[in-house]
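Take this structure first; my questions come after.
The values are calculated or read from the model by the stated rules, or taken from the named source; none is laboratory data. Given the structure is predicted, the values throughout are model-derived calculations rather than measurements. Because the Cβ atoms are built from the backbone with ideal geometry, glycine has one as well, and the counts that use them run over all protein chains shown.
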Amino acid sequence: MTSKSAAAAARATVYGYPRQGAGRELKKAVEGYWKGRVDAGELRRTAAALRAATWRGLAGAGVHEVPTGDFSYYDHVLDTTVMVGAIPARHRAAVEADALDGYFAMARGTQDVAPLEMTKWFDTNYHYLVPELGPDTVFSADSAKQVDEFREARALGLDARPVLVGPLTYLLLAKPAPGVDEGFEPLTLLDRLLPVYAEVLADLRAAGAEWVQLDEPALVQDRSPAELNAAARVYRDLGALTDRPKLLVASYFDRLGDALPVLAKAPVDGLALDFTGPAAGNLDDLAAVGGLPGKRLVAGVVDGRNVWINDLAGSLATLATLLGLADRVDVAASCSLLHVPLDVTAERDIDGQIVRWLAFARQKTAEVVLLARGLERGTDAIAAELAANRADLASRAGSPITRDPAVRARTAAVTDADGRRSHPYPGRAAAQRARLGLPPLPTTTIGSFPQTTELRTARADLRAGRIGTEGYEERIEAEIREVISFQEKAGIDVLVHGEPERNDMVQYFAEQLTGYLATQHGWVQSYGTRYVRPPILAGDISRPGPMTVRWTSYAQSLTGRPVKGMLTGPVTMLAWSFVRDDQPLGETARQVALALRDEVNDLEAAGTSVIQVDEPALRETLPLRAAGRPAYLAWATEAFRLTTSGVRPDTQIHTHMCYAEFGDVLQAIDDLDADVISLEAARSHMQVAGELADAGYPREVGPGVYDIHSPRVPDTGEVTALLRRALAAVPAERLWVNPDCGLKTRGWTEVREALEHLVAAAREVRGEV
Ligand code: GLN
Ligand code: ZN
C-alpha cells in the first residue's frame, strides 16, 4: 500500500472483550453472590463498573464504536436464550421468582433441577449453554439487557454497537429439549423466532442504536442447501424491516464459503469477516463475488484468538486490497477478544524480549486502532509504529527460541519408521500378555486421584517459599504411598501413582519443556466463572530432562504390580495451549511428540511396562470444515505414534479420551495404534463399546463403568450391569474395567467406595467369562 491517504474514515472496533476485569472482579463477585456473601445490588454494581471501565479503556485507546451486550454474568448464549424467552419449562418457576437466581439456575442447576447442557463454542475452549427447544417452544422478546447496556455506554458519551448472537446461529447451536423427539430440528422454529429479533432490533433502534451486529459464526461450518436458504431468508426478512438499525452480520473462525454469496446479496448494511488463519480465503472469495458494493465491510485482520503480535504491514496490504471491494472498510479483531488474556504487560516473569512478540486483548485493541489509522491516513502516519513492529517480528523470527537448530534437525530427520511400532498389534498383544500376566477384565484407573486441599496447600507453600523442594517432594511421596497402598488393598490390577505433583495435565509438562511459556495472569474464560491459563507454545520444543520418571519409579518401587506411566499427548498439549502462528500446527506437534517420545522411552528404560498417553482433545480439535479434517487427522495421529512407537513390543501403550461419541474419529483412533484405549461411556450406556465393535476395532478397550462427573457412588450391581453390556460388544480377552476419566475432582470417600465396587463387579463378571 502506498502512503497516499486511502480510506475516507476507517473506524476501529472489536466485537467483545474479556469480561472478568484485571483483578478477576467479576469472578469474585459472581461466586460471592452464589455463596451469599455479595448481594444482587453489589453484583450489579460490580458488573456495571467493569463494563464502564472496559468501554472507557477501549474508547481511550481509540476504538470508535465500542461493543455492548457482549458482557455476561455467565455466558452470552444463555443471555440470548433469555432475550428470546426460550426458558426451559423446568426453570420457568425459578426465573419468574427471581430473574438473576433463575439465570444462574439455568447455568448451574439447583439441588432439584438440572442445568442446561454445556458444550464448546465452535473450536475454541469457551463453553456455552446449549439452548433447549422443541415444537412447543414459544419465543418472546426481552430486550432489557441489550437496551440497558447500550444506554449505559451512550451515557458515557460513547458511540456503541450492540452485538447479538444471530438467529440462525442461535437455532443451529440449539438441541431438542429433553422429552422432545431427537429428530426435531430447531431450525424449523425460524418463523417464530424472527419476529422476536425484529422486536429487539426495533427496541435498540428506539434506544438510539445506529448499527447492530448479528453474529453468525455457524455459517463458517459446512451448511446444507436448506440451511443456506434459511440464512438467505433470515437476512432478507430482517433486512426488509422498516423500523430497524443498520445491520452488520459478523462471522469468524473460518471462511464463509458458500454462505458468502448469500450474505453478500442480502439486504443488510454490512458484513464483518475474518481474514486470519484458515479464514484468509475470504479475501479471494470476496473478490469472486464482486465485493460488497454499497455495504460496509468490517475486516477482522488481527487474530482474536491467539496471542501473537500482528504483522501490521501484511494487514495493511490486505486492507488495501479490501478497499476496492466495499463501500467502506473498517478494522477489527477477527472475533471477540474474549478468547485471549487481558494484558501482556501484567506478565512480569516473561522475558522482556518475548513480551514484545505477544499481544493480549489490550495490545490487540491498540493494533486494530493503529491499522485503522494507517488505512485512513496512509502508512506514513504510522511509520514509527510500523518500524517497531517490523523489528519485533524480526526479533521473533531470528531468535534462537523460535528456531533451535538441534530441534529442527531432529524433526527433519523423522522417518515413517519412527512413527511405527516394531511389531504389529497381534504380536505385541501376546508379548504384553506374557509380560504382564493380568487376569481377564483387568482393572485400572485413568491416572489422577483426588487433588486434596493438602496437595494444593503444599504447592502454594512451595511457591511462597514456606517449604523447600525437598519438603514438597516429601509430601508428594507421602501421597503416592497412600494412593499405591489403597489400590493394592482395593485389588486393582494396573496401578497409577495418582498425579499428585500435577497442577494441570498440560501446564505441568509445559513448565518443564523448553520453548513453552507459562503466564501468571493470562486467564481466559472457559465457562461461567471458570478461567484457565493456557501456556504458550512460544518456540521450538525440547525436553531438558525427564519429567515424570521420578514419580512413576517411586510408585513402582512400592509395589509388585505394574504402575502405569502417565503423559499428556501431543495433540492435547497443542489444543489446550496458545499455538505458534509461524509454522504449520503439524510441525509444532511433531516437536512436542519427539520430546514426549524421549519421556516414554525413559519410562520404559526405568522399568515401566504400561504407559498411558492421554489425548482427550483429539476430537475437539477437528477443523470446523470437513475439508480440513483429513490433513489434521494425519498430523495428529502421526504425532501420537511418534510419541509412542519407540518402545518394545511387550511395553503396553494405553490412550485415554473423554468423550462418548466419536463416530467421526473412529478411523483416527485405530490409526493411533495404541494397545489399549479407555473412553467415557458410563453415561451413554456403553454406546461407545458397541460403535467400536461395529467398526471392527481390534484392540483392547476400557469403556468407563464409573461416571466420575457425578458425586454419586455407583453400587456394585450398577457396575456389573454396565460390564455385562460392554461384554456384549467387546470380547472378554479385550475388555478392561476402569472409570470414565481421572479422579482428581472427586473426594476420597466417594473414590474409595466406587473403586471397591468396581473391583467387586470385575471379579463377579470374571467368574462368568
Ligand atoms: N490422566 C488424566 C487424569 O486422570 C486424564 C485427564 C483427562 O482425560 N482429561 O486426570
Ligand atoms: Zn478423561
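What tally of residues in segment 22-58 results from selecting those that are basic (K, R) and either buried (at least 16 other Cβ atoms within 10 Å of the Cβ) or under 25 Å from the mean Cα position of the chain (by Cα) (or both)?
4
Just to be sure before I move on: is A412 more than 16 Å from ligand 2 (Cβ to nearest atom) and exposed (fewer than 13 other Cβ atoms within 10 Å of the Cβ) in the structure I sent?
Judged against the criteria, A412 is a match.
Could you please find all residues in segment 493-504 being within 16 Å of ligand 1 (Cβ to nearest atom) and over 17 Å from the mean Cα position of the chain (by Cα)?
V494, L495, V496, H497, G498, E499, P500, E501, R502, N503
Okay, moving on. Between a residue in segment 657-685 that is on the phi < 0 side of the Ramachandran plot and assigned to a loop (DSSP other than H, G, I, E, B) and any residue that is more than 16 Å from ligand 1 (Cβ to nearest atom) and of a type in the set (K, R), which pairs come within a Cβ distance under 8 Å, given they are 6 or more apart or on different chains?
L672/R641; A674/R699; D675/R428; D675/R699
Please find, within segment 234-276, the residue that is surrounded by the fewest Cβ atoms within 10 Å (Cβ to Cβ) out of those that are among the β-branched types (V, I, T) and part of a loop (DSSP other than H, G, I, E, B).
The selected residue is T242.
Every residue, every condition in (1) closer than 15 Å to L171 by Cβ; (2) among the polar types (S, T, N, Q); (3) touching a residue at least 60 places away in the same chain (Cβ under 8 Å), yes or no:
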position	(1), (2), (3)
A202	no, no, no
A207	no, no, yes
L214	yes, no, no
S224	yes, yes, no
A232	yes, no, no
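Being within 16 Å of ligand 2 (Cβ to nearest atom), closer than 15 Å to Q612 by Cα and modelled with pLDDT of 95 or more: is that true of L642 here? Talk me through it step by step, then tell me what you get.
Values: within 16 Å of ligand 2 (Cβ to nearest atom): no; closer than 15 Å to Q612 by Cα: yes; modelled with pLDDT of 95 or more: yes.
So L642 does not fit the description; no.
I need a count of the residues in segment 677-705 that are within 24 Å of R629 (Cα to Cα), within 16 Å of ligand 1 (Cβ to nearest atom) and modelled with pLDDT of 90 or more.
4
Just to be sure I understand the filter: pairs with C-beta atoms under 8 Å, separated by 6 or more residues or on different chains, first member in segment 285-299 and within 12 Å of V331 (Cβ to Cβ), second member modelled with pLDDT of 95 or more and of a type in the set (F, W, Y). Which pairs pass?
Once the first residue is within 12 Å of V331 (Cβ to Cβ) and sits in segment 285-299, its partners that are modelled with pLDDT of 95 or more and of a type in the set (F, W, Y) give A299/F275.
Based on what the data block shows, is W736 of a type in the set (F, W, Y), surrounded by fewer than 21 Cβ atoms within 10 Å (Cβ to Cβ) and within 16 Å of ligand 1 (Cβ to nearest atom)? Quick ask: steps written out before the conclusion?
On the way: of a type in the set (F, W, Y): yes; surrounded by fewer than 21 Cβ atoms within 10 Å (Cβ to Cβ): no; within 16 Å of ligand 1 (Cβ to nearest atom): yes.
Taking the combined requirement at face value, the residue does not satisfy it.
Of all helices (runs of 4 or more DSSP H) completely enclosed by segment 517-619, which ones contain at least 1 residues that are within 17 Å of the chain's Cα centre (by Cα) and away from ligand 2 (no atom under 16 Å from the Cβ)?
It comes to 570-575, 585-605.
Now a separate question. Within the set of pairs 6+ apart or on separate chains, which have a first residue in segment 497-521 that is more than 21 Å from R403 (Cα to Cα), a second that is in a loop (DSSP other than H, G, I, E, B) and within 16 Å of ligand 2 (Cβ to nearest atom), and C-beta atoms under 6 Å apart?
Partner pairs satisfying both residue conditions: G498/F449; E499/G447; V506/W576; Y508/R502.
With respect to A634, determine if the residue is away from ligand 1 (no atom under 16 Å from the Cβ), outside any loop (DSSP other than H, G, I, E, B) and either modelled with pLDDT of 95 or more or farther than 25 Å from P439 by Cβ (or both).
Taking the combined requirement at face value, the residue satisfies it.
Restricting to segment 505-542, and then to whatever is within 15 Å of ligand 1 (Cβ to nearest atom) and surrounded by fewer than 19 Cβ atoms within 10 Å (Cβ to Cβ), can you tell me which residue is nearest to L358 (Cα to Cα)?
Step by step, filter segment 505-542, then rank; the result is V532.
Also: Pairs, please: C-beta under 6 Å, at least 6 apart or cross-chain, first residue over 15 Å from V563 (Cβ atoms) and among the aliphatic types (A, V, I, L, M) and in segment 601-615, second within 16 Å of ligand 2 (Cβ to nearest atom) and in a strand (DSSP E or B)?
Once the first residue is over 15 Å from V563 (Cβ atoms) and among the aliphatic types (A, V, I, L, M) and sits in segment 601-615, its partners that are within 16 Å of ligand 2 (Cβ to nearest atom) and in a strand (DSSP E or B) give V613/L567; V613/T655.
Checking R502 against (1) away from ligand 2 (no atom under 16 Å from the Cβ); (2) assigned to a loop (DSSP other than H, G, I, E, B), which single condition isn't satisfied?
All conditions are met except number (1).
For segment 347-369, check the following and say yes or no: at least one residue is hydrophobic (A, V, I, L, M, F, W, C), more than 30 Å from Y516 (Cβ to Cβ) and in contact with a helix residue (DSSP H, G or I) (Cβ under 6 Å, 6 or more places away or on another chain).
Yes, segment 347-369 contains at least one residue that is hydrophobic (A, V, I, L, M, F, W, C), more than 30 Å from Y516 (Cβ to Cβ) and in contact with a helix residue (DSSP H, G or I) (Cβ under 6 Å, 6 or more places away or on another chain).
Could you please tell me which pairs satisfy a Cβ distance under 9 Å, a separation of 6+ or placement on different chains, a first residue in segment 113-126 that is surrounded by fewer than 14 Cβ atoms within 10 Å (Cβ to Cβ), and a second residue that is among the aromatic types (F, W, Y)?
K120/Y126; K120/Y128
Kindly indicate which of A589, A627, A605, A593 is surrounded by fewer than 24 Cβ atoms within 10 Å (Cβ to Cβ), aliphatic (A, V, I, L, M) and at pLDDT 95 or above.
A605
Still on this structure: So which residues in segment 277-304 are assigned to a loop (DSSP other than H, G, I, E, B) and buried (at least 24 other Cβ atoms within 10 Å of the Cβ)?
Taking segment 277-304 first, the residues assigned to a loop (DSSP other than H, G, I, E, B) are 289-291, 303-304.
Residues satisfying the conditions are D303, G304.
Checking L342 against (1) assigned to a loop (DSSP other than H, G, I, E, B); (2) more than 30 Å from A575 (Cβ to Cβ); (3) among the aliphatic types (A, V, I, L, M), which test does it fail?
Tallying (1) assigned to a loop (DSSP other than H, G, I, E, B); (2) more than 30 Å from A575 (Cβ to Cβ); (3) among the aliphatic types (A, V, I, L, M), L342 fails exactly one: (2).
Ok, one more. Tell me yes or no: at least one residue of segment 433-448 is crowded, with 21+ Cβ neighbours inside 10 Å, at pLDDT 95 or above and over 24 Å from A761 (Cβ atoms).
No, that holds for no residue.
If you go through segment 722-729 one residue at a time, do you hit one that is within 31 Å of the chain's Cα centre (by Cα), hydrophobic (A, V, I, L, M, F, W, C) and in a helix (DSSP H, G or I)?
Within segment 722-729, the first condition is being within 31 Å of the chain's Cα centre (by Cα), and the residues that meet it are 722, 726.
Retained after the next criterion (residues that are hydrophobic (A, V, I, L, M, F, W, C)): 722, 726.
Of the ones still in play, those that are also in a helix (DSSP H, G or I) are 722, 726.
Yes - at least one qualifying residue is present in segment 722-729.
Being surrounded by 24 or more Cβ atoms within 10 Å (Cβ to Cβ) and away from ligand 2 (no atom under 16 Å from the Cβ) is the filter here, so list the residues in segment 652-685 that pass it.
If the condition is that a residue be surrounded by 24 or more Cβ atoms within 10 Å (Cβ to Cβ) and away from ligand 2 (no atom under 16 Å from the Cβ), then Q652, I653 are the ones that fit.
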